[in-house]
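As structure tokens, the structure follows; a few thoughts come after it.
Throughout, read-outs are computed from the coordinates displayed, never taken from laboratory work. Because the structure is predicted, anything quoted here is derived from the model rather than measured. Cβ placement follows ideal geometry from the backbone for every residue including glycine, while neighbour counts extend to all protein chains displayed.
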Amino acid sequence: MAVEPTVSTYAFSAKSVNCYGLHLVQHRLESLGIEVTPYVAGETKPVMVSLYWPEQLFDFVKWRFQNSLRGRKIIVGGNFASTSPQAVLPFADAVYIGDGEIWNGDWDSPYVVTKERPATEKAVAPHIIPVPYDDQSGLRRTFVQRSFVEISRGCRNKCLFCQYGWLKPYREADITDVVECIKRSHHTIRVFAADRFQHSQYAQIRAVLDDRGKADTGSDITLRFVLEHPEYLKITTKARVGIEGQSYWLRRLVGKGYSNEQIVEFARLVWEAGIKCFDWYMIYGLPGEDDDVDGPEFWKLMNEVAAVTPENYLIAVHWNSFSPSAMTPFQWASPATAMGPKLFNALNTRIPGKRWYHKPKHTDRWKVILRTLAIRGTDSTKKLVYSIAMNEGQWKRSPETVLAEYKKATGLDLLGEWPVDEPLPWDGLVPYKRDKMLALWRSTQKRVAERNGEP
């Protein structure tokens with residue numbers, strides 16, 4: 001067993017040097033007698049790094065080579081590293097796959113992938129035990145102290161584009177542990193989960209928060225559980241749901257088959273519960289999207305929602321371009337590089353007396369390229385990743401050069417569909433249900449072809 005007696009931590013998350021995932025690992029290692037300290041330049045102890053978003057790969061690489069890290073061992077974990085370890089390994093000694101709180105510090109663990117060996121298992125904690133964790137958020141000089149309390153992990157939904165439902169089985173934290181974390185908090189609390197309403201004892205959790213005078217800044221819920229438990233809206237102050245597809249056809253395609261009628265009913269229930277605004281997550285550029293049909297369908301939905309909400313009611317819509325996330329059924333798809341003109345026109349057309357706030361309306365193409373390069377990076381593209389990390393401004397002026405260099409290194413189109421007969425970059429490094437995902441992807445392609453009148 002290769003266990004280090006002392007390690008440091010570093011996270012690429014806002015202004016933090018730590019994050020909840022690393023905090024769980026730290027809590028576990030310290031219970032085993034391993035010393036864990038914040039990263040300090042110039043030391044020699046190994047470093048544990050957390051990467052959640054694909055774009056953070058470039059920040060990591062820049063940090064890796066601009067600091068005094070020569071000779072220091074680096075192990076990387078987090079959602080991005082767990083799903084695209086091949087992109088991280090050229091710049092690290094090891095990548096940890098899965099839930100960090102069951103790691104015992106062994107760098108030879110079956111959950112760890114290195115340049116020499118794949119991970120043979122994905123770490124899945126059998127029980128979620130929340131650990132008290134405080135952090136701060138904010139911009140410029142205004143910061144807010146918050147306590148985080150995890151009440152569940154994973155998601156029962158299996159949306160075809162989303163990693164969270166495929167990578168993490170759904171598990172709930174025991175109400176006793178949740179209550180204990182709430183009692184230990186001295187700040188505003190963010191009760192977090194993919195869907196707070198999915199927790200079988202959410203009403204009791206909210207009652208404890210109210211009893212202790214705590215404001216819950218958590219917001220993520222699912223429309224399905226809102227419709228099943230509309231009474232929960234009376235005990236919450238924020239409502240953010242994933243609608244994702246512009247039309248009912250698209251929503252059904254991706255596994256989120258909400259009808260217009262259900263979305264309109266959700267909107268009515270939210271404002272009647274006294275919640276001042278609601279938020280939607282939306283994705284443009286999904287596989288099979290037809291701007292001539294789906295753009296007008298979303299405009300129709302906007303007007304239907306406007307008809308059941310009061311004057312000047314605020315609806316905030318958070319748009320993101322579709323990205324082919326690793327280890328999902330849509331991992332073979334092309335990333336979205338542009339928003340359709342009919343959808344764009346709909347977002348810029350005002351509905352009298354209503355407040356629709358769309359942000360951002362469009363994801364910058366350069367960001368799409370960086371994100372996809374991080375996801376689909378390989379050992380053959382490590383020089384390209386390094387060069388962009390160290391000289392982004394130069395590469396940003398010529399994004400087509402990045403695409404040409406990627407094709408030269410891999411023979412593939414970075415922004416195109418990934419050939420199903422070509423191994424994906426992470427294949428063979430991490431165990432996952434590839435065959436099932438491929439079957440779902442082929443079913444998606446068939447439905448798209450039928451919609452387009454193709455044989």
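What number results when the radius of gyration of the chain, computed over Cα atoms, is divided by 2.2 N^0.38 Å?
Taking N as the residue count of the chain, the ratio is 1.00.
Taking the highest mean first, how do the peptides 155-161, 77-83 order by number of other beta carbon atoms within 10 angstrom per residue?
Descending packing order for the listed peptides: 77-83, 155-161.
When all C-alpha to C-alpha distances in region 1-107 are sorted into bins of 5 Å, what percent of pairs does each bin hold, rounded to whole numbers?
2, 13, 27, 27, 21, 9, 1
By average Cβ neighbour count within 10 Å, what is the ranking of 53-61, 271-279, 417-425 from highest down?
53-61, 271-279, 417-425
How big is the gap, in Å, between the Cα center of region 28-91 and the Cα center of region 399-440?
25 Å
Which whole number in µm²/s is D for region 127-218 by Stokes-Einstein, with the Kirkwood Rh taken over Cα pairs at 10 °C and 1.306 mPa s?
So the translational diffusion coefficient is about 114 µm²/s.
For region 56-68, just list the computed ³J(HN,Hα) in residue order, Karplus coefficients 6.51, -1.76 and 1.60, θ = phi - 60°, integers in Hz, with x standing in for Gly and Pro.
Per-residue couplings from phi come out as 5, 4, 6, 5, 4, 4, 4, 4, 4, 9, 9, 10, 7 Hz.
Compute the distance from the alpha-carbon center of region 230-249 to that of region 259-336, in whole Å.
If we compute the Cα centre of each part, the gap is 10 Å.
What residues qualify as long-range amide H neighbours of THR188, i.e. H under 5 Å apart, gap of 5 or more or another chain, H built at 1.01 Å from N?
Result for THR188 returns SER147.
Please report the Cα spread of region 296-455 along all three principal axes, rounded to whole Å, starting with the longest.
56, 43, 30
Counting only C-alpha contacts under 8 Å and six or more residues apart, can you give the relative contact order of the chain as a whole percent?
13 percent
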